[in-house]
1. Across 5 Å bins from the origin, how do the percents of Cα pairs in the range 78-130 run, short distances first?
2. Is the C-alpha gyration tensor of the range 3-70 telling us rounded, prolate or oblate? Criteria: a/c under 1.5 is rounded; beyond that, a/b larger than b/c is prolate, otherwise oblate.
3. Using only C-alpha positions, report the orientation-averaged shadow area of the convex hull of the range 39-101, nm², one decimal.
4. Please tell me the relative contact order of the range 3-130 in percent, rounded to the nearest whole number, where contacts are Cα pairs under 8 Å and at least six residues apart.
5. When Lys and Arg each count +1 and Asp and Glu each count -1, what net charge do the other residues less than 13 Å away from residue 124, Cβ to Cβ, add up to?
6. Return the FRET efficiency for the residue pair residue 9, residue 34: r is the Cβ-Cβ distance, R0 is 35 Å, and the value is rounded to the nearest 0.05.
7. Rounded to two decimal places and with Rh computed the Kirkwood way over Cα pairs, what is Rg over Rh for the chain?
8. Exactly which GluC sites (Glu not before Pro) in the range 8-37 are in a DSSP loop and have at most 13 other Cβ atoms within 10 Å?
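All of the numbers you see were taken from the coordinates with simple rules; none came from a lab. This one's a predicted model, so the numbers in the text were calculated from it and none came from an experiment. No Cβ is skipped: glycine too gets one built from the backbone with ideal geometry, and neighbour counts run over all protein chains shown.
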Amino acid sequence: MGIINQTELFENTTTGKLYEVLMDAKQHAAFTGDEAEIDAKVGGIFSTYGGYSTGKNKELIPGKRIVQTWRAADWPEGVESTVTFDFEQDGDNAIIHFTQTNVPDEQSESIANGWHEYYWEPMRGYLAVS
């Protein structure tokens, strides 16, 4: 099983806004362009990208940290990863330190690329106009 580590800078925003965009179903759907259901409390479940990714919130510290179980619909039965978003404010910019553990080896590269294509870049576009 693989591990994905990514650090992403978001200009002219706050850690609170990044947290909100990821945890608010309406904003999440707006930046991804796909259906999102998010119960934004510890123990709450989520479904994003029309059910492609699902999981449960394990730790939520607004503006600081999100830890969730996460699995893709096309993963082998019973395989579940853990995603961690740690947020850091750097002046007028905010940084996400992202880690995903227990990613099936054969999908590590596509999942890593997917975070850029389906999350980080669309989030930048959404934040620029919101």
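1. 4, 15, 21, 26, 15, 10, 5, 2, 0
2. Because its axes are fairly even, with a/c under 1.5, the range 3-70 counts as rounded.
3. One quarter of the hull surface, i.e. the mean projection, equals 4.8 nm².
4. Value for the range 3-130: 29 percent.
5. -3
6. So the FRET efficiency works out to roughly 0.90.
7. 0.94
8. The qualifying sites are 11.
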